[in-house]
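One structure is given here, and the rest of the page talks about it.
The values are calculated or read from the model by the stated rules, or taken from the named source; none is laboratory data. Small disclaimer: the values here were computed from a predicted structure and weren't measured. Reconstructed Cβ throughout: ideal geometry from the backbone, glycine too, with neighbour counts over all protein chains shown.
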Amino acid sequence: MMGHYAIIVTLGPFNCGAVTAPSAKLPYTRACVLEVQRFGNVLSNNVYRETVRETTIRGQSIPAGTMVNADIHHVMAHDPLFVEPEKFAPDRYISEDGKTLKKDLIDRTIPFSIGKRACAGESLAKVELILCLASMVQHYRILPCEGDVIDLEPIALGMLRPKDQNVRLEKAF
C-alpha cells in the first residue's frame with residue numbers, strides 16, 4: 001500500500017510519468033525491487049570459473065584448474081547486514097529520512113553478480129524493473145485472492161522460481 005501511495009503522489013494516477021520520472025523520486029519502489037532481487041534471486045549460481053593458479057580463501061587451499069562458483073543467493077541470504085534475511089522487508093533499504101536508500105545495503109544486493117564479469121544488461125534491467133513495477137502499481141492494486149495468503153517460499157529447480165499463485169487486480173481508480 002505504501003508503494004502504491006508513493007507512486008500516485010509522485011506520478012499522479014493517470015499519466016505516464018513512470019516513463020520519465022527519475023527513480024530517485026520513488027525510493028520505496030526502488031526498495032521493493034531491491035528486496036525482490038535479494039529475497040527471490042532467480043539465478044542463485046553465478047557462472048562457473050576456473051582458477052588459473054593455486055589460491056587460498058579463508059584458509060582453504062584451492063588448486064589451479066578447479067571450477068569455482070559463487071552462490072549469490074547464499075551471499076545475500078546470510079549477510080549480517082540484512083537483519084532477519086528470511087523476511088521480505090523492503091523497508092530495510094530505506095534510510096531514516098524516508099527519501100534515500102541505504103548505500104551499504106544496495107552495494108550488498110548483487111543479483112547481477114559483481115566485478116568485470118557482472119551482467120552486461122544490469123543497468124537496463126534495473127530501469128525496466130522500476131518502470132514496469134511503477135506503471136503496474138500506478139493503475140492497479142495487486143492483492144491475494146479472498147482467503148488466500150501469498151506463499152513466498154520458492155521452488156528450487158536449478159533456479160529459484162515462485163510458486164503459482166492466484167492474485168486479483170483491482171483498478172486503482
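Screening region 115-173 for residues that are among the β-branched types (Val, Ile, Thr) and without any contact (Cβ under 8 Å) to a residue 24 or more places away in the chain and picking the one that is farthest from Phe39 (Cα to Cα) gives Val149.
Taking residues in region 89-100 that are among the charged types (D, E, K, R), and partners anywhere that are surrounded by 13 or more Cβ atoms within 10 Å (Cβ to Cβ), the pairs with Cβ atoms closer than 8 Å and at least 6 places apart or on different chains are Asp91/Ala31; Arg92/Ala31; Arg92/Glu35; Arg92/Phe82; Arg92/Lys102; Arg92/Leu105; Lys99/Pro27. Across region 52-65, the number of residues qualifying as surrounded by 10 or more Cβ atoms within 10 Å (Cβ to Cβ) and part of a strand (DSSP E or B) comes to 2.
Just one of the listed residues (Val68, Val75) is hydrophobic (A, V, I, L, M, F, W, C), touching a residue at least 24 places away in the same chain (Cβ under 8 Å) and within 19 Å of Val47 (Cα to Cα), and it is Val75.
On the basis of being at pLDDT 85 or above, touching an Asp or Glu at 6+ places or on another chain (Cβ under 8 Å) and not aromatic (Phe, Trp, Tyr), does Val68 make the cut? Steps first, please.
Working: at pLDDT 85 or above: yes; touching an Asp or Glu at 6+ places or on another chain (Cβ under 8 Å): yes; not aromatic (Phe, Trp, Tyr): yes.
Spelling it out, Val68 is indeed at pLDDT 85 or above, touching an Asp or Glu at 6+ places or on another chain (Cβ under 8 Å) and not aromatic (Phe, Trp, Tyr).
Scan Ala120, Ala70 and give me the residue that is exposed (fewer than 15 other Cβ atoms within 10 Å of the Cβ) and of a type outside the set (Phe, Trp, Tyr). Step by step, each of Ala120, Ala70 is checked, and only Ala120 is exposed (fewer than 15 other Cβ atoms within 10 Å of the Cβ) and of a type outside the set (Phe, Trp, Tyr). Within region 156-173, restricting attention to residues that are assigned to a strand (DSSP E or B) and modelled with pLDDT of 85 or more, the residue that is farthest from His139 (Cα to Cα) is Val167. Could you list all residues from region 25-51 that are among the basic types (Lys, Arg) and surrounded by 21 or more Cβ atoms within 10 Å (Cβ to Cβ)? Correct list: Arg30, Arg38. Note on region 102-113: among residues that are surrounded by fewer than 18 Cβ atoms within 10 Å (Cβ to Cβ) and touching a residue at least 12 places away in the same chain (Cβ under 8 Å), the one that is farthest from Glu35 (Cα to Cα) is Ser113. Every condition in (1) farther than 21 Å from Lys163 by Cα; (2) in a helix (DSSP H, G or I) holds for Gln37 except the one numbered (1).
Scanning region 105-143 for residues that are in contact with a Leu (Cβ under 9 Å, 6 or more places away or on another chain) and among the β-branched types (Val, Ile, Thr) yields Ile106, Thr109, Ile130, Ile142. Out of the residues in region 123-173 meeting the condition of being surrounded by 13 or more Cβ atoms within 10 Å (Cβ to Cβ) and of a type in the set (Lys, Arg), tell me which one is nearest to Asp71 (Cα to Cα). Out of the qualifying residues, it is Lys126.
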